[in-house]
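Scroll down for the structure; my scribbles are underneath it.
Throughout, read-outs are computed from the coordinates displayed, never taken from laboratory work. For clarity, every value in this text was computed on a predicted model and none was experimentally measured. Positions of Cβ are generated from backbone atoms using ideal geometry, with glycine treated the same way; all protein chains shown enter the neighbour counts.
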Amino acid sequence: MSDLIEEFYARVPVMDETPAPSLSSEDRQKLLTHFYPDYRPEGKATLRVGPNAGTVVPEEIAALLESRSRLQGPRTLPENPDREVDILIIGGGGAGITAALHAVEQGADVLLATKLRVGDSNTVMAEGGIQSALGEGDSPVEHFRDTFRGGHGANDPTLLSILVQEGPRMVEWLISRGILFDRDPQGNLSLRKGGGTSRPRLISAKDYTGLELVRVLKEDVVNAPLEILEFSPAVELLQGPGGACAGAVLWDLDSRKHIFVKSRTTILATGGSGRLHIGGFATSNHFGATGDGLSMAYRLGAKLVHVDSFQYHPTGVIFPSEMAGMLITEAVRGAGARMYNTLGRRFVNELETRDVVASAIIRECAEGRGVPTPSGASGVYLDLASIDRDAGEGTVAKRFPNIVKLMTRHNVDPTKVPILVYPTLHYQNGGVQTDAQSRTAIPHLLVAGEASGGLHGTNRLMGNSLLELFVFGRRAGLEAAQEARERPPFSWKEVSIAHVDQFEKDLAREFKGGDRPIAPTLFPDYRRKDS
Amino acid sequence: MDNALKESQTMVHVTINGRDYKVPAGSTMVQAMWYTGHEVIHGIGCLGGVCGACASVYRMKGDFRLRNALACQTLVQDGMSFSMLDSYPIQRAHYDVAALSDPKEELFTFYPESATCRNCNACTEVCPQGIDVRDAVWRANFGDFKAVADLTMSCVMCGLCVSRCIAEMAPHEIALYARRAYGAKELPYPENLKIRLDEIVAGTFSKEMDRLLGLSTGELKKECEVKS
Ligand SMILES: Cc1cc2nc3c(=O)[nH]c(=O)nc-3n(C[C@H](O)[C@H](O)[C@H](O)COP(=O)(O)OP(=O)(O)OC[C@H]3O[C@@H](n4cnc5c(N)ncnc54)[C@H](O)[C@@H]3O)c2cc1C
Ligand code: SF4
Ligand code: SF4
Ligand code: FES
């Protein structure tokens, strides 16, 4: 393998540091329309069934939404539920854990069910940081403006105003739990710059921000008075009186049995869908990011928003191929890393928003200025060495120890040679439409985190997602506790999965009985087909 | 995996859970399991080297030494024999970090075994993150929680140190306790956060925020278009 790497790096051209010409807003728009996957016509389908019928989405999302249930018909419920709780939380990432901790504080009886172990999630992988407008000359208003501009003005302004105003208070909560954010010599939280923002606003824990958050909050949630079911993904929601949500059906991955949970309120916190590999893109997401929440909520009749919008993070590793998709945080560009094409030229201002930078990389590769890899892919160089040149020897190692560690394991020393990158499927910009209380169109079904939609518009700014988990995870937890107290009692006899039968009937009618995929898939299958 | 094959064009011999296979050079251990048809659920979380779910144990042919690795990040080598460890049972303390009053003393209430470290260094040798775990345990015992934080920030909680500790403790849990206590109890409250929170509570930004929320989408877009 090292021979292969040596050979590859023997071809690195001389790099010309001249900055790329700056872009006008027309240039940006043109670049996006021509190269950003969201705006391209290929690989798209128009939804025909469900609350978002008529919306054009990627084919993989259509397959996820217009799908059959994992529960085979005839679908009946057992005599009694296996569990009965106030609040069922589905998904043990940052949003689910935060909701659980806040709901339990209200005295609610909570069951947290998750697919893998608690914390095995996109949250644990976050490297860059959390946006919080703490700097002098910065304010929640500036944070609002930057995010609205970055989201192409499609953000829900009310949700956004909550995010920016409650953000700092959630940062305080995290610190009180003992989370170690980087400090400046005066003891202030260090603020760093991310793409698309007008002020330095990112607080981080080196490049281990998500890991630090999860390690700490996981310890709190396992110590909290609630029940946790790991390796038990939800596969279907249950319907109660008035079309409201009444719990879920879980699938125990070990005993291979269903678990029927009746709940007064349900919070979906199942995260994103990178592992659906939309458009064949590699992904930065964890193993369980298969968009399950979207498909379950859609079947129950929840409306989705911006599910045609995804974030392709510009800098995913593309060589060596066993690392494909792994993220190199945007913070390296904030710190001065540069990108070059195969001619050794810079081709875009590295601090443009993510969608613009990603489009520029796709353009370079599509127009033959990409660097070919031995397996036939192509990418561009991301050079971190300039950070050390600008900010002093050792800066990369100090600020990005995780990147150095991971790359070095694959025989690439990023302080010496550039990393080969290509956009990687990173974030689901849209999701289930929610309001300020995290409520959806379905009564007693709340959604928080990456599974929800509206807040980020059609392009999320770095650091806003983690902030969202805490701001809206807390809101969901509190709202759920209140709803659980106030919802009139209902019996198991009033609970059904008839909505699934109905949805499949609609599918059969629209697709004339043609075969439809089954979802949620729960995991991608990477096994060799003939193994 | 198929890309790895395209890239390297060579196969290597490995043994997975005691059974022999040939897999493409340049695969990670997890990719080798997929290549050979294994369905891996316990033992995968992030696939990105940060969640610690994929702790594994291996030996190389002709070498008596037992080695450990994170399977999603480690490339197979010819003659490697490996198994995944899935999960290592641990005992973790039940405490509320906000309620600690003398964290340095309370360490010995929650983790009395911490004081029994026999300095064997096995934890440090096994750690896939290259952490000086033994040093971290001693620093914790001496109450230097800042040093523990500096030493162990990259801990992925894989539990491999536990698997080797002759004193049978869980060094990573002790380090977590020390880091949390340091963050919640020793570090000063950040001044910039305090200033901003006071302003928010005082309503400093409410008027401007309300004005923005009163605009039409078109007007709002225009207002936000340029970086100020
Ligand atoms: C590599 C990477 C780096 C990132 N860096 C940053 C950053 O620097 N700053 C930032 O703000 N954001 C960042 N993000 C985005 C951010 O981390 C995520 O958007 C956010 O953590 C999502 O949190 P969540 O709780 O909604 O979902 P997750 O953290 O993904 O949690 C969802 C959980 O639900 C589980 N689950 C899924 N389906 C089911 C089911 N059917 N039943 C039960 N459980 C289920 C999953 O296994 C998982 O545990 C990054 C993301 C990635 C992937
Ligand atoms: S300190 Fe222990 S748990 Fe943490 S990474 Fe090292 S071996 Fe794994
Ligand atoms: S393995 Fe256990 S006994 Fe040995 S140095 Fe580490 S903590 Fe101490
Ligand atoms: S799967 Fe998360 S560290 Fe390997």
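Summary table
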item: Computed FRET value (nearest 0.05) for residue A:515 with residue A:16, which takes r as the C-beta separation and R₀ as 45 Å; result: 0.25
item: Under-5 Å amide H pairs with residue A:236, H placed in peptide plane, nonlocal only; result: A:249
item: Coordinate range along principal axes, alpha carbons of the protein assembly as shown, Å, largest first; result: 66, 63, 62
item: Fraction of antiparallel bridges per DSSP, chain A only, in percent to nearest 5; result: 65
item: Protection proxy ranking of A:421-434, A:256-269 - average other beta-carbon atoms within 10 Å, highest first; result: A:421-434, A:256-269
item: Long pairs among A:218/B:207; A:218/B:185; A:44/A:218; A:218/A:529, criterion Cα-Cα beyond 27 Å; result: A:218/B:207; A:44/A:218; A:218/A:529
item: Nitroxide proxy distance, nm - points 7 Å out along Cα→Cβ at residue A:56 and residue A:508; result: 3.2
item: Theoretical ellipticity at 222 nm over the protein assembly as shown - DSSP helices of four or more residues, -39500 (n - 2.57) apiece, nearest 500; result: -10000 deg cm²/dmol
item: Average Cα contact separation per residue, region B:97-186, under 8 Å, 6 or more apart, as relative contact order %; result: 34
item: Cα long-axis angle, helix A:498-510 against chain A (0 to 90 degrees, to the nearest 10); result: 60
item: Exercise: per-residue mean of other protein chain Cβ atoms within 10 Å, A:214-220; result: 5
item: Under DSSP loop assignment and at most 13 Cβ neighbours within 10 Å, longest GluC sites (Glu not before Pro)-free interval of chain A; result: A:137-366
item: Peptide A:464-474 - average C-beta neighbours from other chains (10 Å radius); result: 0
item: Sparse-neighbourhood loop sites, trypsin sites (Lys or Arg not before Pro) in region B:81-157 - DSSP loop, at most 14 other Cβ within 10 angstrom; result: B:118
item: Computed E for residue A:223/residue A:28 - FRET, C-beta separation, R0 41 angstrom, nearest 0.05; result: 0.30
item: Mean Cβ neighbour count within 10 Å, used as a protection proxy, ranking B:107-116, A:90-99 highest first; result: A:90-99, B:107-116
item: Helix axis angle, A:25-35 relative to chain A longest principal axis, alpha carbon, degrees; result: 70
item: Average beta-carbon neighbours from other chains, 10 Å sphere, peptide B:175-187; result: 4
item: Relative contact order (%) - criterion: Cα under 8 Å, at least six apart; region: chain A; result: 25
